[in-house]
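Remarks on the structure that follows.
The values are calculated or read from the model by the stated rules, or taken from the named source; none is laboratory data. Keep in mind the model is a prediction, meaning the values are calculated, not measured. Cβ placement follows ideal geometry from the backbone for every residue including glycine, while neighbour counts extend to all protein chains displayed. Only protein heavy atoms, including side chains, enter the accessible area calculation; ligands, DNA and RNA are left aside. Shrake-Rupley method; radii C 1.70, N 1.55, O 1.52, S 1.80 Å.
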Amino acid sequence: MTQHIAFIGLGNMGSPMAKNLLKKGYQVTVYDLNKEAIAALKTAGAETAGQATEAVKNADVVISMLPNGAIVKSLYTGKDGLISHLKDNVLVIDSSTIAADDARYVAKACEMKGIAMVDAPVSGGVAAAQAGTLTFICGGDPKHFDQAKPILEAMGKNIFHAGASGAGQVAKICNNMLLAIHMIGTAEALNMGVQQGLDPTVMSEIMKASSGNNWSLQVYNPYPGVMPNVPASHGYQGGFMVSLMSKDLGLSQELAAKSQSATPMGALATQLYQIHQASGSANKDFSSILEMLKND
Ligand code: NAD
């Protein structure tokens with residue numbers, strides 16, 4: 001029997017993820033605060049709901065893709081939260097990037113109602129969400145992970161089980177701290193080369209074939225005009241917003257303090273993204289950190 005999936009949160013990531021579930025034949029009911037996002041999914045074949053509680057009414061699986069932990073906690077466990085509206089034996093998959101403690105809090109609340117939950121944050125960005133090639137990094141009971149896996153395979157290519165509840169979020173935050181650090185480093189190197197009169201495309205090709213090669217250079221070049229299909233070549237619109245990267249870096253520093261881990265580069269990256277956000281770039285893609293370094 002076709003599984004009925006409720007999908008909550010149709011932003012830059014959630015929208016293409018829900019479309020991929022539809023393409024794979026799942027029956028999907030969507031909800032977002034943004035009515036235009038709901039309308040776009042209706043055109044793609046989804047059923048729509050006027051409230052999150054209505055979207056989950058007949059769901060076998062609930063997937064959420066939301067901006068932060070406060071919203072995720074409020075959605076599931078707040079006043080009239082979803083937990084009290086779910087059928088028995090529902091599987092909850094939260095793919096938002098949130099604090100591991102928030103993921104564990106929601107998982108515990110689910111468990112007390114006999115509901116299974118897996119934290120399954122993603123890596124790969126909007127292009128991977130569209131192509132169905134995301135990496136899912138999961139935390140939770142192995143048998144719940146096994147239940148989630150075939151659904152996640154409809155939206156992603158690499159599906160990892162990092163460990164118990166919250167472990168997906170820990171691994172994701174470690175990854176994003178590294179992403180911020182190498183994006184800033186890539187932007188610094190490109191900017192310095194250009195200031196010295198070099199062509200950013202030539203510079204990028206050289207570094208990709210050299211020891212500075214990294215993901216930002218390969219698929220997400222921050223210099224406008226080097227790659228056609230990245231936010232840098234479209235006014236830094238779409239993609240992964242500076243406000244979301246700042247949030248993730250904040251989470252990385254909470255984890256660092258909690259585990260007494262030294263993260264000096266992560267701390268500096270956190271400060272740089274906070275300055276960039278405060279100077280009016282909150283809604284731009286995170287590769288726009290290059291604009292902060294330019295002296296023109
Ligand atoms: P987004 O801001 O584009 O989308 C979030 C969506 O959630 C919006 O459409 C918003 O209207 C909706 N929303 C907010 N509160 C809601 C509520 N209470 N009920 C229903 N809908 C609500 O964000 P995004 O880029 O899609 O990111 C979503 C999550 O994925 C974040 O946690 C982010 O950190 C993570 N993430 C993003 C990327 C990326 O490249 N954009 C990559 C990996 C992970």
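Pairs please, first residue from the stretch 108-123 and touching a residue at least 60 places away in the same chain (Cβ under 8 Å), second anywhere and among the aromatic types (F, W, Y) and within 16 Å of the ligand (Cβ to nearest atom), Cβ atoms under 7 Å, 6+ apart in sequence or on different chains. As it stands, the answer is V122/F136, since those pairs meet every condition given.
Checking A167 against (1) in contact (Cβ under 8 Å) with a residue 40 or more places away in the chain; (2) of a type outside the set (D, E, K, R); (3) within 11 Å of the ligand (Cβ to nearest atom); (4) in contact with a Gly (Cβ under 8 Å, 6 or more places away or on another chain), which test does it fail? The number of the failed condition is (3). Pairing residues of the stretch 198-214 that are assigned by TED's automatic domain parsing to the domain that holds E188 and within 13 Å of G185 (Cβ to Cβ) with residues that are surrounded by 13 or more Cβ atoms within 10 Å (Cβ to Cβ) and β-branched (V, I, T), at Cβ distances under 7 Å and at least 6 apart in sequence or on separate chains, gives N214/T186. Can we say S210 is closer than 30 Å to S96 by Cβ, out of contact with any Phe, Trp or Tyr (no Cβ under 8 Å at 6 or more places or on another chain) and in a loop (DSSP other than H, G, I, E, B)? Considered against the rule, which asks whether it is closer than 30 Å to S96 by Cβ, out of contact with any Phe, Trp or Tyr (no Cβ under 8 Å at 6 or more places or on another chain) and in a loop (DSSP other than H, G, I, E, B), S210 comes out as no. Within the stretch 54-63, take every residue that is assigned to a loop (DSSP other than H, G, I, E, B) and not aliphatic (A, V, I, L, M) and give me the one that is nearest to the ligand (Cβ to nearest atom). Per the criteria, the residue is K57. Every condition in (1) in a helix (DSSP H, G or I); (2) buried (at least 21 other Cβ atoms within 10 Å of the Cβ) holds for E188 except the one numbered (2). For the stretch 64-106, a residue qualifies if it is charged (D, E, K, R) and either surrounded by fewer than 23 Cβ atoms within 10 Å (Cβ to Cβ) or more than 10 Å from the ligand (Cβ to nearest atom) (or both), and the qualifying residues are K73, K79, D80, K87, D88, D101, D102, R104.
Yes or no, residue by residue, for (1) part of a helix (DSSP H, G or I); (2) buried (at least 16 other Cβ atoms within 10 Å of the Cβ); (3) at pLDDT 95 or above:
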| position | (1), (2), (3) |
| --- | --- |
| A232 | yes, yes, yes |
| Y236 | no, yes, yes |
| M245 | yes, yes, yes |
| D248 | yes, yes, yes |
| E254 | yes, no, yes |
| A257 | yes, no, yes |
| S261 | no, no, yes |
| A267 | yes, no, yes |
| L272 | yes, yes, yes |
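Residues that are away from the ligand (no atom under 14 Å from the Cβ) and part of a strand (DSSP E or B) within the stretch 42-53 comprise just one, E47. Residues that are open to solvent by less than 70 Å² (accessible area, probe 1.4 Å), modelled with pLDDT under 95 and part of a loop (DSSP other than H, G, I, E, B) occur in the stretch 110-118; there is at least one. Evaluating I5 against the criteria (1) within 12 Å of the ligand (Cβ to nearest atom); (2) under 19 Å from V90 (Cα atoms); (3) of a type in the set (V, I, T) leaves one unmet condition, (1). Give me the residue from the stretch 8-32 that is among the small types (G, A, S) and near the ligand (Cβ under 10 Å from one of its atoms) and, out of that set, surrounded by the fewest Cβ atoms within 10 Å (Cβ to Cβ). In this case the residue turns out to be G11.
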